[in-house]
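The values are calculated or read from the model by the stated rules, or taken from the named source; none is laboratory data. Just so you know, these numbers come straight off a predicted model, no measurement behind them. Cβ placement follows ideal geometry from the backbone for every residue including glycine, while neighbour counts extend to all protein chains displayed.
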């Protein structure tokens, strides 16, 4: 039997299960906050909001890891709510918000925004770093008849890139640059309209903020039921979830 400890409580885990999925299954979906993780995408580990501490023995030396792509091993000790971990998550979100417009009240996804939810969960009440370089002047792309992008709201989680690649197989979106200069690129550094975008909407659905959306403001709606279907716009046969 494979067993591991969550906050010193022994539980059985499944072969190949990640720490994040293990904790979610035992203690609930919202126990560990995430931004770059999504159930239909491969684990990526870019945001580090899901960080936890692990140790090989009780009260042993701990190491901080991203729970979304770290597998559970037999006998390991996992701590997801230590003082150090809670402070780390809060500081990560504070740094994300230094390069994010604080216009929640007028934003399309106000009340349905993952960044907003995570910020509330980690205890953000104010922005401690209001000054410094940022990307808040990025121009909104409204060239496409269906899709919109406002990359000043992008948090570089790669979810749109991965959805375009892993889910739809279109590979229209990529990440260009490194560090502070990293940004989403459509096609060959083109607008949405000029790129090979097939209007499937997978990127908008995957985006945890309002960096990528559609003209119908569908992300402003909080659905209670979803139905899986196929887009009839062209012959590609993209999968969609219709609320």
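Here are a few things to note about the model shown:
- Total residues in segment 57-108 satisfying the condition of being within 19 Å of residue 207 (Cα to Cα), in contact (Cβ under 8 Å) with a residue 60 or more places away in the chain and touching a strand residue (DSSP E or B) at 6+ places or on another chain (Cβ under 8 Å): the figure is 1.
- Scan of segment 207-243 for residues that are under 30 Å from residue 100 (Cα atoms), touching a strand residue (DSSP E or B) at 6+ places or on another chain (Cβ under 8 Å) and surrounded by 15 or more Cβ atoms within 10 Å (Cβ to Cβ), ordered by number: 207, 211, 212, 213, 214, 219, 240
- Leading residue by the ranking (surrounded by the most Cβ atoms within 10 Å (Cβ to Cβ)) among those in segment 169-201 that are part of a strand (DSSP E or B) and in contact with a helix residue (DSSP H, G or I) (Cβ under 7 Å, 6 or more places away or on another chain): 173
- Qualifying residue in segment 145-167 (condition: free of Cβ contacts under 8 Å to residues at least 12 places away in the same chain, part of a helix (DSSP H, G or I), farther than 30 Å from residue 236 by Cβ and not assigned by TED's automatic domain parsing to the domain that holds residue 46): no
- Failed condition for residue 110, given (1) surrounded by 15 or more Cβ atoms within 10 Å (Cβ to Cβ); (2) outside the structural domain of residue 46 (by TED's automatic domain parsing): (1)
- Of the numbered criteria (1) within 14 Å of residue 174 (Cα to Cα); (2) touching a residue at least 24 places away in the same chain (Cβ under 8 Å), the one residue 189 fails is (2).
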